[in-house]
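Read the figures in this text as sums done on the coordinates, not as results from a lab. If you're wondering where the values come from, they're calculated on a predicted model, not measured in any experiment. As a convention, Cβ positions derive from the backbone with ideal geometry for all residues, glycine included, and neighbour counts pool all protein chains shown.
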Amino acid sequence: MNLQQIETFVCVAETGSFSKAAMLLDIAQPALSRQVRALEAELRETLLIRTGRGVTLTDAGRRLLEHGHAIMQRVTLAKEDLSSHRDEPVGRIVVGLPPSLARRLTLSLIDTFDREMPKAKLAVSEGFSVNIAEWLTTGRMDLGLVYTPEPQPHIEVMPVEQEPLCLVGPVQRMPDLQQVPFAQLSQYPLIMPQRGQIFRKLMEAQATLSQVKLNVVWEVSSVPAILDLVRSGYGFATLTPSALSQDAMDEQLAIVPIVEPHIMSTLCLVQSAKRQATPLMRRTAEVLRRLCLQAVAQSKARISQHGA
């Protein structure tokens with residue numbers, strides 16, 4: 001068993017396809033298949049089952065994938081540790097962003113990363129908080145941004161900023177509205193993510209406490225799609241200000257704070273508590289924190305302009 005075989009197996013398992021893995025690793029598919037077969041022969045286990053749609057993992061394959069993530073993580077850590085005496089971070093880092101921030105931050109993150117850490121590589125994945133926490137635990141991700149994470153023993157949480165949830169709607173249906181009491185939200189047809197997502201959980205928890213029945217007319221787990229529906233008059237959304245990208249803050253939309261009470265969400269950086277932070281992780285965390293604070297500050301300024 002060697003590192004190349006482990007890397008090949010992990011890539012095939014994650015992509016679910018020999019052909020996709022061959023493209024990502026830039027090796028011929030027959031050579032890739034031989035590496036996996038050699039690994040199966042050495043371990044005397046069937047790791048992957050070919051299907052019409054790709055490959056699926058056997059029980060042995062799932063167990064090896066867990067070990068594979070840990071092995072590749074340790075290899076990356078060793079490389080970064082040996083290179084840590086250099087001024088510039090090196091290596092590869094995978095960052096997870098929630099749907100509410102992915103569109104807003106991805107371009108500025110890549111631009112800043114490319115400028116400040118040219119010798120390092122960045123991969124960005126979009127996922128909900130529960131997905132990001134799972135990916136951190138299994139080693140598929142190094143760093144993530146989530147809203148109001150639930151306590152988990154294997155996840156280290158670093159709060160960045162608190163943001164209020166606001167009501168977002170077509171400007172012509174919210175004339176001169178400066179704020180909306182939570183009790184009045186029952187009057188608005190809402191477009192919300194599916195149950196289990198953090199903004200939905202925060203709203204439903206307060207609705208139970210306030211004995212308010214929320215009128216959820218559409219369930220859509222995509223912020224750009226939610227905003228398109230709001231613009232088209234299908235309903236209203238409850239989002240944090242930073243979830244609205246620059247082009248979303250247009251004349252078609254109004255955004256007002258929800259009050260009595262304010263519904264606050266805490267934006268946090270998260271990473272695995274089991275992993276030692278590398279220079280690349282620390283530098284990337286600094287960049288993410290800086291970009292998040294800039295986004296929140298810009299959003300607050302734009303809300304003030306809308307309310308003026």
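From Val146, Val124, which residue is touching a Ser or Thr at 6+ places or on another chain (Cβ under 6 Å) and either free of Cβ contacts under 8 Å to residues at least 40 places away in the same chain or part of a loop (DSSP other than H, G, I, E, B) (or both)?
Val124
Any idea which of Val212, Val160, Val130, Val217 is out of contact with any Cys (no Cβ under 9 Å at 6 or more places or on another chain) and assigned to a strand (DSSP E or B)?
One residue alone meets the criteria, Val217.
Just to be sure I understand, how many residues within the stretch 49-61 are in a loop (DSSP other than H, G, I, E, B) and either acidic (Asp, Glu) or surrounded by 13 or more Cβ atoms within 10 Å (Cβ to Cβ) (or both)?
Counting residues in the stretch 49-61 that are in a loop (DSSP other than H, G, I, E, B) and either acidic (Asp, Glu) or surrounded by 13 or more Cβ atoms within 10 Å (Cβ to Cβ) (or both) gives 1.
So, in the stretch 11-43, exactly how many residues are aliphatic (A, V, I, L, M), surrounded by 12 or more Cβ atoms within 10 Å (Cβ to Cβ) and outside any helix (DSSP H, G or I)?
1
Considering every residue within the stretch 178-186, establish whether at least one is free of Cβ contacts under 8 Å to residues at least 12 places away in the same chain, over 20 Å from Leu227 (Cβ atoms), of a type outside the set (Asp, Glu) and part of a helix (DSSP H, G or I).
Scanning the stretch 178-186 turns up at least one residue that is free of Cβ contacts under 8 Å to residues at least 12 places away in the same chain, over 20 Å from Leu227 (Cβ atoms), of a type outside the set (Asp, Glu) and part of a helix (DSSP H, G or I).
Which one of Thr8, Thr46 is among the hydroxyl-bearing types (Ser, Thr, Tyr) and exposed (fewer than 13 other Cβ atoms within 10 Å of the Cβ)?
Thr46
Yes/no matrix, rows are residues, columns are (1) more than 12 Å from the chain's Cα centre (by Cα); (2) loosely packed, with under 14 Cβ neighbours inside 10 Å:
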| position | (1), (2) |
| --- | --- |
| Leu107 | yes, yes |
| Ile110 | yes, yes |
| Leu143 | no, no |
| Val146 | no, no |
| Glu150 | yes, yes |
| Asp176 | yes, yes |
| Pro193 | yes, no |
